[in-house]
Amino acid sequence: MQRREDLTRQFIASCRIHHLPKARSAAVVDGLRGRGLADAAGGFTDAGRQTRRRMEALTDDLAGPAYDVLSADELDELIAGLEPTADAAKTIDD
């Protein structure tokens, strides 16, 4: 049982739903299971990993035009301004 809870916790963290109340995050994981995206232990299935990769690629593609209009200097400024936030988010995800 502890292994399942650990896997479920890892799954929730990887989906960035760890901030949700416990009952809501459990419902999200149950919904993913119902779609074949999570297994009984709460980890991603192959279909779940593939879906997540597609979603990440799609959001990257959709965000691209917003960055394309920035000059090199503006892009450097944006990156420098976002680094503290990105570092903080990475710390939380780790």
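The values are calculated or read from the model by the stated rules, or taken from the named source; none is laboratory data. Everything numeric here is computed off the predicted structure, so don't read it as measured data. Because the Cβ atoms are built from the backbone with ideal geometry, glycine has one as well, and the counts that use them run over all protein chains shown. Side chains are part of the model used for accessible areas, which takes the heavy atoms of the whole protein and leaves out ligands, DNA and RNA. Shrake-Rupley method; radii C 1.70, N 1.55, O 1.52, S 1.80 Å.
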Q: Of the conditions (1) of a type in the set (A, V, I, L, M, F, W, C); (2) without any contact (Cβ under 8 Å) to a residue 24 or more places away in the chain; (3) in contact with a helix residue (DSSP H, G or I) (Cβ under 9 Å, 6 or more places away or on another chain), residue 72 clears all except one; give me its number.
A: (3)
Q | Residue that is modelled with pLDDT under 90 and either in a loop (DSSP other than H, G, I, E, B) or open to solvent by 50 Å² or more (accessible area, probe 1.4 Å) (or both), where the choices are 73, 60 | A | 60
Q.
Looking only at region 23-81, count every residue that is within 18 Å of the chain's Cα centre (by Cα) and not basic (Lys, Arg) and tell me the total.
A. 30
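Here is a list: 52, 16. Which entry is at pLDDT 80 or above and under 27 Å from residue 88 (Cβ atoms)?
Answer to the selection: 52.
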Q: Report yes if some residue within region 25-32 is exposed (fewer than 10 other Cβ atoms within 10 Å of the Cβ) and assigned to a helix (DSSP H, G or I); otherwise report no.
A: no
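Test residue 40 against the criterion of being exposed (fewer than 14 other Cβ atoms within 10 Å of the Cβ), at negative phi, part of a helix (DSSP H, G or I) and not aromatic (Phe, Trp, Tyr), and give yes or no.
Details: exposed (fewer than 14 other Cβ atoms within 10 Å of the Cβ): yes; at negative phi: yes; part of a helix (DSSP H, G or I): no; not aromatic (Phe, Trp, Tyr): yes.
So residue 40 fails the test.
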Q: Could you tell me which of the residues 92, 79 is modelled with pLDDT under 85 and either in contact with a helix residue (DSSP H, G or I) (Cβ under 9 Å, 6 or more places away or on another chain) or surrounded by 10 or more Cβ atoms within 10 Å (Cβ to Cβ) (or both)?
A: 92
